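Every read-out reported here was derived from the displayed coordinates using simple, explicitly stated rules and does not represent laboratory data. Predicted, not measured: the structure shown is a model, and the values here were computed from it. Counting neighbours? That spans all protein chains shown, and the Cβs are built from the backbone with ideal geometry, glycine included.
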Amino acid sequence: MCSSVPFQDLVLYAKSQKLTGAAVTGIKNYIDGTNRIHYGNLKRHANSLLHVWAQKNGSSDSQSQTATDSSLTTSDHENTVKKSKAKQESAGALLLKNNQTYYRILIGTALTVAEEELPIQKFGPLLTMQIRNGLKMLDPSVKSSSTACKEFIECLANVVRNRMKAYMKESSFYSLAADGSEARKTRDEKELVYLKLTVKTQSGIVPAIFLLRCQSMVDFGGTDSKALKTSMIHAVTQYVDDEELKAKLVSLCTDGAGVNFGKNSGALELTRNEMGWDIHLQWCLNHKLELALKDSFKQHKQFRDVKEI
């Protein structure tokens with residue numbers, strides 16, 4: 001860097017080039033050195049005439065030269081600037097690659113926490129394990145930060161949401177499936193809404209199923225048919241508008257409970273009426289099989305005892 005050139009030589013050369021004020025003050029700052037150099041400023045400085053001259057005249061055998069007896073041709077300057085830019089771009093690319101690798105590991109760890117439904121507090125121990133295996137932390141404070149894990153998961157969720165919106169825009173038709181479940185701790189009724197559609201991939205068009213939302217039925221006023229209908233529509237309209245939903249929804253699937261399949265006021269019939277056309281209503285095949293098995297075992301006392309337990 002410029003620090004290998006005597007300060008007075010740089011000042012004289014700066015004055016010979018009619019560089020004054022902040023330009024000359026900057027020379028002193030770079031010579032003294034600092035442990036906080038902004039990458040943009042460093043890159044601009046490396047391309048400057050002063051830096052190029054200092055590089056050329058900063059070797060041990062030319063330290064005694066002054067700016068008055070040294071000259072820099074335009075072609076020399078251009079060639080040196082090109083080399084300097086190439087070095088800086090190479091360093092910048094390496095820095096970017098290292099940062100990308102680092103954050104890819106952090107985000108991948110947060111994804112594992114989300115996929116395995118682990119407590120967010122496990123983010124730190126998972127990173128500690130990776131550090132022991134060779135991961136170098138650019139920011140040690142991230143390791144113990146639950147907030148960082150939440151932010152990474154939210155970023156991943158946003159990516160998934162945007163991709164889901166794109167899939168739904170591209171697809172001509174899709175179908176919905178819904179199922180209820182009671183939360184263990186709170187005993188609140190939850191409704192899971194799934195979407196089935198076709199997705200374009202490199203190998204062709206393939207069917208895919210996605211979980212759109214897990215919703216608390218308290219937010220929709222209970223567990224009656226109207227609340228179930230509202231919850232299904234709400235899950236989809238977080239991704240597409242009402243008009244697109246009405247144009248593309250072709251099928252609904254739930255279990256055979258009366259609240260879903262009531263002939264006149266079941267959730268599916270209410271949804272079909274709101275969509276305005278004859279949507280196909282499907283009773284879940286797995287639920288049918290479950291009911292058939294239960295009926296076949298009813299004659300066995302052991303089964304009735306286990307069911308009651």
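Key figures for this structure:
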quantity	calculated
Violating pairs (Cα-Cα greater than 32 angstrom) within the set Lys165/Lys190; Lys185/Lys248; Lys150/Lys248; Lys226/Lys301; Lys263/Lys298	Lys185/Lys248; Lys150/Lys248; Lys226/Lys301
Semi-axis lengths, Å, the range 171-308, gyration tensor of Cα atoms, sqrt of 5 times eigenvalues	29, 19, 16
Estimated dipole of the range 96-255 in Debye, rounded to 20 [Cβ of Lys and Arg +1, of Asp and Glu -1, Cα centre]	680 debye
Protection proxy ranking of 203-215, 291-303, 263-275, 115-127 - average other beta-carbon atoms within 10 Å, highest first	263-275, 115-127, 203-215, 291-303
In Hz, Karplus ³J(HN,Hα) per residue of the range 124-130 (6.51, -1.76, 1.60; θ = phi - 60°; x = Gly, Pro)	x, x, 5, 5, 4, 4, 6
